[in-house]
Amino acid sequence: MRRSAATPPLRAGTTTPHVVLDPAQRRAASGRFPSVKGRSVNPTPVPGLVSVVMLVRNRLEYTRRALASLARASGEFEIVVVDNGSDDGTAEHLAALDHPRPLTVLRHEDDRGGSERRNVGAAVARGEFLFFVDNDVLVDDPDVVEVLAAELAADPRLGAVSPLLLYPGDRELVQCAGGASTADGRIGPVGRGKPLGAEHREHRDQSWAPTAALMVRHSSFRRVGGFDESFDPVSLCEDVDLCCRLRADGERLRYVGSVAMRHFEGTTFNHVGHDKLPIWKRHMRVIRSRWAEVFATGPEHAAADLAWVPVEKDYADLDRPRVSVRADPDSAPADLSFFASDRALATAEPADVRVVVVGADPVPAVRGVRIVGVADPDVRALLPVARAHGASWALRDGVSLVSTVPAEGVVVSGPDTAAALTALRRGLHVLLGKRAVDDLARLVEGARQAPGRCSVDLPWAHHPELVELGKAVAEGGAEGFTVQLERPEGRDLVAELGPDALDAVERVLGVPVTDVRTVAATRSQVRAVAVAGGVTGTIELGWGEPRFHLSVTGAAPTADLVAPPVSGAYADFVAALRGGPAPLTELDAVAGLFDVVLEWRSEVAALLARP
C-alpha cells in the first residue's frame, strides 16, 4: 500500500442520556471539608435562619469592609467565610475577629476555585436560606438580608432571589439590576452603567442572578447539586448555570430591587494569571448549549437592557471610591476590568487546565490537570473511570460532553469523529488516541480549519533512546531495520500498535514509511515488510508481555524501549493547553503515517476474513 498525500451534572432540562455522579458523595470521599469544631456536614437547616456564605482569597481590605457592613444588617443570620488559600494576613484577621454574628471560618491552604469552595461553605451552613456574597460587596440597605429572606419564605415557588447591585461611591450608578437574557441567547446584567431609576427598584422575575449577591433556598440548592465544579478554577458563569438548573427544576428566580448592596465590580481575587476573557467566552458557549431551551422560555429582555455601558472605576481609596460613565460610548472594549487578572499577584504555579475524556480509557494523572467529564456509551465502563478521575460529569454521548462541560482540552480515546470535530470547532485542543483516527480526511480538514490544535497520542515519539538511535543513523546510515512491539491484549493489533511501530521507524530513519505489505496475520500476531526511504525492514506486532525492540542494521545500535511514565504526546498536549508550542505529534504532521496504517489495517482485516 502506498502513502497518499498528507491528508452537575447535565441535569433537568435535557433529553440527552446521561449519568451524574453525586457531588456530595464525591466531596465527602475526597476530604474537601476542613475540620470545624462543632459543625457537621449537611446539617438539617434551621427554619428562618440565613447563612451568609462568603468566599475570600486575599484582598483583606475588601473582606474587612464587607464583614463590617454585615454587622449593620438586620435579620437572623450566621456567616460562613471560606478562606481560599489567603496569604496576606486574612487568616490572622479572621481568627481574631470579634463579630456580632455567629462566624465560622473554613480555612484552606490552596485555591481550588469558587464553585467547589462555595459548595463546601454551603455544606456546613445551618440556614434555611443560603446568601452567597462576594467579599467585594457591601450592605447598602441594612434590611437587605431580612427582605430577601422574606421574599423566599412568602413564595415556595421561588428558588432564589437577588438584590439591586450599585457601584460604590456617592453616585447612584447601577452595576446589576438583575440578570437577563434575550431571545437570541444573549446573557448579561440589566442596567449596567445607567443612573438609578424607578425601573431598577421594581420586583420581577429574572433568568439568572450573579453570585456577588445571590440568596438561594437551601433545599433547592441541595436538590440541584449545588454549583457545578467543572467551571473551576476560574469561576465565571457558574452562577448562570446554577440559576438555570433551578429554573429547569420548576422554580422561579426573582429580582428584588427595593434593597441594594454596593459592588466593587471586578476586584475579587480569582485565579490571577489566567486570561479570563477567553475562558468566559468558552463558558458562555457551554451555557448556551446546555440551557437554550430554558432561556427560550423567558423572561426575555430587550438587547438595550443588556447594553454594556463603559464605566471608569477608581478604587485607589476604598473609603472614597469613584465610578463614572465613560464619555466615549465606543470605549466599551476598554472596560474589561471584570475579566482582568492582577498579574503582579500571579503565582508561579502553572495554570490549572480542565480536560474531558471521550472514551472510557484512563488518562495519566498530571499535576494541575483536572478531568471534569467522561463520556462512553457503555455505563459499566463509564462509571468506574469517571469515579477514578473524580469527574463531575459522566455522559453517554461524546458530542454532548464536549458541548456542555467547560474544558480547555479533549482526549478522544476511541472512534468518535463527531466529538473531535465539535471540540475543534469550539476552539478546544484535542488529543486523539490511535483508535480515534478512523475518519482521517475529515479530521485533518477539521484540524486545519479550526482554531484549536489537534494531536495524536503517540507515547513513544519523544523517547530519548529513539533520539539517540536517530543520531547514530544520521552519522552511519542504515541498511535495514527490525521492529518488535508487544503489549497486553487489546482490541485491534494494527490500529493500536501499528502507529507506534511506524512512527518509531520514521523518527529513527528520518524519512517516511511509504509501503507496508503484510506477510502473515492472526488475531494475536501480525508480521509485515515495510519500506522507508529505500530501506526495507520487518515489523512484528503481537499481544503479550510489554516489549518494544528496534534495531537498525548498519552503524546504529539496537534499542529496547521502556514505556515512559507519562506519554510525551500527552505532556505536549497539556503544555499546549497552557499556551505552549505546537505538539510534536500534531495530526497534520503525522497524517501520512495514519494513511498507511488505515490501509494496512484494511489489508489485515481482509486476510483475517478469508476462510
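When residues in segment 231-281 are screened for being hydrophobic (A, V, I, L, M, F, W, C), at pLDDT 85 or above and farther than 25 Å from V294 by Cα, 4 of them pass. Beta carbons closer than 8 Å, at least 6 apart along the sequence or on distinct chains, pair a first residue in segment 437-454 that is under 23 Å from S602 (Cβ atoms) with a second that is β-branched (V, I, T) and surrounded by fewer than 21 Cβ atoms within 10 Å (Cβ to Cβ) for D438/T417; D439/T417; L440/T7; A441/T7; R442/T417; L443/T417; V444/T7. Of note, T522 does not satisfy the criterion of being in contact with a Ser or Thr (Cβ under 6 Å, 6 or more places away or on another chain) and either open to solvent by 20 Å² or more (accessible area, probe 1.4 Å) or of a type in the set (F, W, Y) (or both).
Conditions (1) at pLDDT below 95; (2) under 15 Å from R252 (Cα atoms); (3) β-branched (V, I, T), marked per residue:
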| site | (1), (2), (3) |
| --- | --- |
| D141 | no, no, no |
| L158 | no, yes, no |
| S162 | no, yes, no |
| Y167 | no, no, no |
| S181 | yes, yes, no |
| R192 | yes, no, no |
| H218 | no, yes, no |
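Among the candidates T514, T536, the residue that is more than 17 Å from V597 (Cβ to Cβ) and surrounded by fewer than 23 Cβ atoms within 10 Å (Cβ to Cβ) is uniquely T536.
Of the residues in segment 398-410, at least one is open to solvent by 30 Å² or more (accessible area, probe 1.4 Å), among the aliphatic types (A, V, I, L, M) and under 16 Å from the mean Cα position of the chain (by Cα). One residue alone among G89, G85, G113 is among the small types (G, A, S), within 22 Å of the chain's Cα centre (by Cα) and over 22 Å from P210 (Cβ atoms), and that residue is G85. Selection over segment 483-535 of residues that are in a strand (DSSP E or B), among the β-branched types (V, I, T) and more than 19 Å from V604 (Cα to Cα) gives a count of 1.
Which residues, counting only those in segment 362-393, are within 20 Å of N119 (Cα to Cα) and in contact with a His (Cβ under 7 Å, 6 or more places away or on another chain)? Hit for segment 362-393 is I371, nothing else.
Residues of segment 455-482 that are among the β-branched types (V, I, T) and under 40 Å from the mean Cα position of the chain (by Cα): V456, V467. Could you tell me whether any residue of segment 247-256 is within 15 Å of the chain's Cα centre (by Cα) and open to solvent by less than 60 Å² (accessible area, probe 1.4 Å)? No, segment 247-256 contains no residue that is within 15 Å of the chain's Cα centre (by Cα) and open to solvent by less than 60 Å² (accessible area, probe 1.4 Å). Exactly one residue among R222, R285 is under 27 Å from L70 (Cα atoms) and out of contact with any His (no Cβ under 8 Å at 6 or more places or on another chain), and that residue is R222. For segment 567-604, filtering for residues that are under 16 Å from C454 (Cα atoms), assigned to a helix (DSSP H, G or I) and either open to solvent by less than 60 Å² (accessible area, probe 1.4 Å) or of a type outside the set (D, E, K, R) (or both) leaves 17.
Among the residues of segment 506-529, is any of a type outside the set (D, E, K, R), within 30 Å of A423 (Cα to Cα) and out of contact with any Lys or Arg (no Cβ under 8 Å at 6 or more places or on another chain)? The answer is no, given that none of the residues of segment 506-529 is of a type outside the set (D, E, K, R), within 30 Å of A423 (Cα to Cα) and out of contact with any Lys or Arg (no Cβ under 8 Å at 6 or more places or on another chain). Consider segment 449-469 and keep the residues that are in a helix (DSSP H, G or I) and open to solvent by less than 10 Å² (accessible area, probe 1.4 Å). The one that is nearest to P557 (Cα to Cα) is L469. Inspect all residues belonging to segment 65-75 and state whether any of them is within 24 Å of L318 (Cα to Cα), crowded, with 17+ Cβ neighbours inside 10 Å and among the basic types (K, R). Within segment 65-75 (the criterion being within 24 Å of L318 (Cα to Cα), crowded, with 17+ Cβ neighbours inside 10 Å and among the basic types (K, R)), the answer is yes, since at least one residue qualifies. Among helices (runs of 4 or more DSSP H) entirely within segment 87-206, having at least 2 residues that are crowded, with 16+ Cβ neighbours inside 10 Å and of a type in the set (D, E) singles out 144-154.
The values are calculated or read from the model by the stated rules, or taken from the named source; none is laboratory data. Being a predicted model, the structure only gives us computed values, none of them experimental. Positions of Cβ are backbone-derived with ideal geometry, glycine not excepted, and every protein chain shown enters the neighbour counts. Just so you know, the surface numbers come from the protein's heavy atoms only, side chains and all, with ligands and any DNA or RNA stripped out. Shrake-Rupley method; radii C 1.70, N 1.55, O 1.52, S 1.80 Å.
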